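Please read the structure below before turning to the comments.
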Amino acid sequence: MTLCDTCDNTSCWDQFLLFIKGRISATAFGNWLAPIKTLEISESEITLEIPNIFVKEYLLSNHKEELCAFLPVTGQGEPALTFIVSRPSKPKTSSLKAVTPEVKKEFPSHHIKLNEGYTFNHFIDGTNQFVKSAAMGVANRPGKSYNPLFIHGDVGLGKTHLLHSIGHHVSQMHKKLRVQCITTEAFINDLVDHLKNKSVERMKRFYRKEVDVLLFDDIQFLQNRRNFEEEFENTIETFINQNKQIVITSDKPPKDLKLSSRMIARMEWGLVARIEPPDLETRVAILQHKAQQKSLSLSNDLAFHIAEQIHQNVRQLEGAVNRLSAHSRLLDVKVSEELVNHTLKEILRYTPKTKISIDQILSEVAKTFHVAVEDLKGSRRTKDIAIPRQVAMYLASRLMQGTLQQMSEAFQKAHSTVLHAIKNIEKKMGEDRMLKEQIKLAEQQILYRS
Ligand code: ADP
Ligand code: MG
């Protein structure tokens with residue numbers, strides 16, 4: 001039995017669905033995601049059949065990051081998806097009826113169920129001790145410490161995990177307090193339903209009287225939704241005025257959100273905490289924790305090996321553990337270096353490359369090798385400069401999306417020189433452990449800061 005790429009992709013889509021299911025309302029899931037069919041799955045692309053074009057718009061405007069994290073991506077960092085709109089089936093009055101009862105059933109509130117695994121116990125702090133402490137502070141004394149608590153950072157770094165941890169903790173320790181966890185999308189759906197039903201007052205009353213702690217996930221999706229922003233702003237204000245706790249997550253800090261200045265000021269009022277990509281030790285600890293949860297035996301060496309390759313996204317670390325666990329169970333084998341390398345190749349092939357500039361690369365390489373950026377750009381050939389210069393070219397080829405032509409322009413060197421530099425560094429890395437470590441360090445710094 002060999003490892004099967006196609007099977008992996010099938011589970012990619014399933015994993016994506018499973019992930020999304022936990023974070024949007026059952027109604028939204030039933031309306032938008034459940035009707036999607038997978039038509040064709042290849043290593044580099046997935047073809048989906050959708051009932052109408054709005055489903056495509058919905059997916060790409062609300063879940064693009066998650067799609068990229070779980071599915072194959074194109075060279076431009078877009079999810080590699082082809083959409084085919086299914087032919088309309090014969091108009092049946094019954095199809096309309098089928099949707100309505102579910103919408104009714106969920107009405108009036110689309111709150112999100114807390115993910116059982118997202119607790120403080122399962123959140124490894126390391127690099128993010130400060131953010132975790134702030135979240136625990138808020139969970140211990142809701143409405144009495146920082147209000148609002150605003151957690152921001154890149155995708156896959158644990159914002160939702162911390163938000164749900166607060167929800168669990170409050171529900172256990174303050175049994176009388178009612179927790180409402182909601183995403184922007186769910187909030188907007190809720191509001192739309194209430195508008196349709198002419199019951200917006202009921203919704204306002206609900207937030208005023210029946211919620212004590214509001215956990216609001218992914219506020220960035222409120223940008224450019226002017227009609228809904230005002231309602232949300234009123235909700236925040238009511239909450240703060242009543243000393244009720246509100247926690248907000250976002251992919252960027254308040255000041256960078258395209259929202260009204262009043263809203264930004266409100267969000268900056270309490271504590272703004274940034275969640276950082278975990279450092280190497282923390283990544284190893286997370287891997288081991290996740291492996292333990294899955295009863296997967298993973299040696300320290302292999303955990304380090306994986307953590308060295310996956311820097312940016314804890315969701316990907318988790319994806320690695322999930323894949324390793326599935327493969328080792330299916331094939332009934334222990335986790336070997338070969339299996340790890342295969343899994344890493346799969347995961348890293350689909351990782352969108354972030355936009356990294358030559359200047360960033362030059363600056364980090366210069367720092368790591370203690371030389372001046374100007375020397376790297378120049379043409380002096382002494383060894384202490386020639387090697388770092390070649391390292392910069394090697395890293396540019398690994399981390400940037402440019403062609404050889406663009407690289408040779410950026411470094412002002414002939415194609416053949418750039419190619420030679422890349423090959424030379426690849427060779428030297430196999431021979432010189434110290435150099436390899438330095439290059440990895442520079443690469444990590446570039447990725448961290450980009
Ligand atoms: P975000 O909301 O920032 O995009 P999530 O909270 O969804 O990220 O986290 C992605 C995945 O990574 C989740 O499954 C979460 O459990 C896991 N994760 C993130 N950070 C940590 C951490 N420090 N310890 C353990 N698991 C983590
Ligand atoms: Mg999230």
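The values are calculated or read from the model by the stated rules, or taken from the named source; none is laboratory data. Computed from a predicted structure; not experimentally measured. Cβ coordinates were reconstructed from backbone atoms using ideal geometry, including for glycine residues, and neighbour counts include every protein chain displayed.
A few points about this structure:
- Tabulated pairs, region 249-278, first in contact (Cβ under 8 Å) with a residue 40 or more places away in the chain and closer than 26 Å to M136 by Cβ, second away from ligand 2 (no atom under 16 Å from the Cβ) and part of a loop (DSSP other than H, G, I, E, B), C-beta under 6 angstrom, 6+ apart or interchain: G270/Y146; G270/N147; G270/P148; L271/Y146
- Looking only at region 358-386, residues that are under 20 Å from H415 (Cβ atoms) and of a type outside the set (G, A, S) come to 6 in all.
- In region 215-251, the residue that is farthest from ligand 2 (Cβ to nearest atom) out of those that are on the phi < 0 side of the Ramachandran plot, assigned to a loop (DSSP other than H, G, I, E, B) and not polar (S, T, N, Q) is K244.
- Any hit, region 148-156, residues being out of contact with any Pro (no Cβ under 9 Å at 6 or more places or on another chain) and in a helix (DSSP H, G or I): no
- In region 308-352, of all residues being without any contact (Cβ under 8 Å) to a residue 40 or more places away in the chain and among the hydroxyl-bearing types (S, T, Y), the one that is surrounded by the most Cβ atoms within 10 Å (Cβ to Cβ) corresponds to T343.
- Inside region 118-153, residues that are within 22 Å of M267 (Cα to Cα) and near ligand 1 (Cβ under 7 Å from one of its atoms) make up a count of 2.
- I182 being at pLDDT 95 or above, within 16 Å of ligand 1 (Cβ to nearest atom), among the aliphatic types (A, V, I, L, M) and within 30 Å of G30 (Cα to Cα): no
- Checklist (1) part of a helix (DSSP H, G or I); (2) farther than 22 Å from A265 by Cβ; (3) within 15 Å of ligand 2 (Cβ to nearest atom) applied to H168, failing item: (3)
- Selected residue (only one of I112, I151 is buried (at least 21 other Cβ atoms within 10 Å of the Cβ) and over 20 Å from E210 (Cβ atoms)): I151
- Filtering region 128-147 to residues that are outside any loop (DSSP other than H, G, I, E, B), free of Cβ contacts under 8 Å to residues at least 40 places away in the same chain and surrounded by fewer than 19 Cβ atoms within 10 Å (Cβ to Cβ) leaves Q129, S133, M136, G137, N140.
- Yes/no for S250 being in contact with a strand residue (DSSP E or B) (Cβ under 6 Å, 6 or more places away or on another chain) and of a type outside the set (A, V, I, L, M, F, W, C): yes
- Taking every residue in region 152-170 that is under 11 Å from E116 (Cα atoms) and pairing it with any residue that is more than 9 Å from ligand 1 (Cβ to nearest atom) and among the small types (G, A, S), at least 6 positions away or on another chain, the pairs with Cβ-Cβ distances below 7 Å are S165/A135.
- When restricted to residues that are assigned to a helix (DSSP H, G or I), of a type in the set (S, T, Y) and over 20 Å from G319 (Cβ atoms), region 252-302 contains 1.
- Test: residue in region 89-101 that is within 16 Å of ligand 1 (Cβ to nearest atom) and at pLDDT below 95: no
- Elements of type helices (runs of 4 or more DSSP H) in region 314-430, at least 1 residues being under 30 Å from H161 (Cβ atoms), of a type in the set (G, A, S) and within 24 Å of the chain's Cα centre (by Cα): 314-331
Residues checked against (1) in contact with a helix residue (DSSP H, G or I) (Cβ under 8 Å, 6 or more places away or on another chain); (2) surrounded by 15 or more Cβ atoms within 10 Å (Cβ to Cβ):
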| residue | (1), (2) |
| --- | --- |
| F187 | yes, yes |
| H194 | yes, yes |
| N197 | no, no |
| R205 | no, no |
| L215 | yes, yes |
| N234 | yes, no |
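- Among the numbered conditions (1) among the hydroxyl-bearing types (S, T, Y); (2) at pLDDT 80 or above; (3) exposed (fewer than 15 other Cβ atoms within 10 Å of the Cβ), the only one that T47 does not meet is (3).
- Candidate set from region 116-165 (those that are away from ligand 2 (no atom under 14 Å from the Cβ) and β-branched (V, I, T)); member that is modelled with the lowest pLDDT: T127
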